[in-house]
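A.B. asks: My questions all concern the structure below.
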Amino acid sequence: MDVITLGVCKIDFTLEGGNAVTINRTLEEQDTIFTAPYETNKIKFDQLAGAQAGNHFISEEPTLTCSVELDLDTLPDLTGAYKSGTTGLGMAAHGQAIKFGAINVHPVSAGASTAHDIIGKRVYCVVTNQVEYKNEGKTRADLVFYFSANPEETDADYGMPYTIGTYS
């Protein structure tokens with residue numbers, strides 16, 4: 001699996017120590033895309049007696065890209081780069097450590113079934129600066145979620161950057 005186009009999704013994301021953010025619907029006119037490339041190291045037939053062998057590995061971190069209706073109040077809850085002031089919002093990008101969180105991506109077309117949900121337990125979000133002001137009076141923000149391996153050794157999905165459905 002390299003690329004999955006998910007359609008409209010509901011996304012639940014919670015930064016460690018932060019507030020939960022629920023995005024009920026990603027924007028329909030922009031694809032929600034999950035990318036999880038992997039490669040195979042092969043040991044050639046002539047290098048090893050018997051069957052061909054090798055291993056699979058993730059060549060780059062899995063990502064989820066989507067577009068959402070911009071809500072300035074939720075930006076600080078998606079990434080540590082944005083800070084709420086008494087009034088307004090600021091971006092404190094210099095020297096800010098990446099904040100990780102947990103994500104559950106539910107394709108709306110799956111209905112009540114969670115069998116196709118994409119779940120990541122160590123994910124960070126980048127809000128691109130491609131904020132678009134649309135004619136309908138709505139603003140759009142593009143989000144990229146980067147998946148890292150689950151560091152919790154006691155979890156069944158230890159070392160996995162994501163699962164499809166609940167893994168046990």
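The values are calculated or read from the model by the stated rules, or taken from the named source; none is laboratory data. Here the structure is a predicted model, which means the values were calculated and not measured. Using ideal geometry, Cβ is built from the backbone for each residue, glycine included, and neighbour counts are taken over all protein chains shown. Quick note on the areas: whole protein, heavy atoms, side chains included, nothing else; ligands and nucleic acids left out. Shrake-Rupley method; radii C 1.70, N 1.55, O 1.52, S 1.80 Å.
A.B. asks: Which is farthest toward the positive dipole end of the stretch 47-125 among A97, S84, V123, measuring Cα position about the Cα centre, with Cβ charges +1 (Lys, Arg) and -1 (Asp, Glu)?
C.D. replies: After comparing all options, I get A97.
A.B. asks: With Cβ to Cβ distances under 15 Å as the rule, what net charge do the other residues near T22 carry (K, R +1; D, E -1)?
C.D. replies: Numbers: positive: K10, R25; negative: D12, E69, D71, D73, D77, D117.
Counting the neighbours of T22, the net charge comes to -4.
A.B. asks: How much accessible area per residue does the chain have, in Å², with a 1.4 Å probe? Don't skip to the answer; put the middle values down first.
C.D. replies: Working: 10120 Å² over 168 residues.
The answer is 60 Å² per residue.
A.B. asks: Something else: With an 8 Å Cα cut-off and a minimum separation of 6 or more residues, compute the relative contact order for the chain in percent. Working shown, then result.
C.D. replies: Working: 379 pairs, mean separation 35.8, N = 168.
Computed over the chain, the figure is 21 percent.
A.B. asks: Something else: Would you tell me the accessible area of D31, worked out with a 1.4 angstrom probe on the heavy atoms of the protein chains, in Å² to the nearest 10?
C.D. replies: Accessible area of D31: about 90 Å².
A.B. asks: Let me ask you something else. What size of dipole, in debye to the nearest 20, comes out for the chain about its Cα centre when the only charges are +1 on Lys and Arg C-beta atoms and -1 on Asp and Glu C-beta atoms? Don't jump to the answer; show the numbers that get you there.
C.D. replies: Details: 11 positive and 22 negative charges, 26 e Å.
Approximately 120 debye in magnitude.
A.B. asks: Give me the net charge for the shell around S59: Cβ to Cβ below 13 angstrom, other residues only, Lys and Arg +1, Asp and Glu -1. Please report the intermediate quantities before stating the final value.
C.D. replies: Numbers: positive: none; negative: D2, E39, E60, E61.
It works out to a net charge of -4.
A.B. asks: With n ≥ 4 as the cut-off for DSSP H runs, can you work out [θ] at 222 nm for the chain, using -39500 (n - 2.57) per run divided by the number of residues, rounded to the nearest 500? If you can, show how the numbers build up before the last one.
C.D. replies: Numbers: 1 runs with 4 residues, N = 168.
For the chain, the value works out to -500 deg cm²/dmol.
A.B. asks: Stokes-Einstein diffusion coefficient for the stretch 70-160 at 4 °C in a medium of 1.567 mPa s, Rh from the Kirkwood formula over Cα pairs: what value in µm²/s? Intermediate values should be presented prior to the final figure.
C.D. replies: Values: Rh = 15.4 Å.
Result for D is 84 µm²/s.
A.B. asks: Sticking with this structure for a sec: Between K10 and E29, 0.36 nm times their residue separation minus their Cα-Cα distance comes to what? It would help to have the intermediate numbers written out before the result.
C.D. replies: Details: separation 19, 0.36 × 19 = 6.84 nm, distance 1.49 nm.
Extending this stretch completely gives an extra 5.4 nm.
A.B. asks: For H56 and V126, compute 0.36 nm times the residue count separating them, minus their Cα-Cα distance, and round to one decimal in nm.
C.D. replies: Values: separation 70, 0.36 × 70 = 25.20 nm, distance 2.77 nm.
In short, 22.4 nm is gained.
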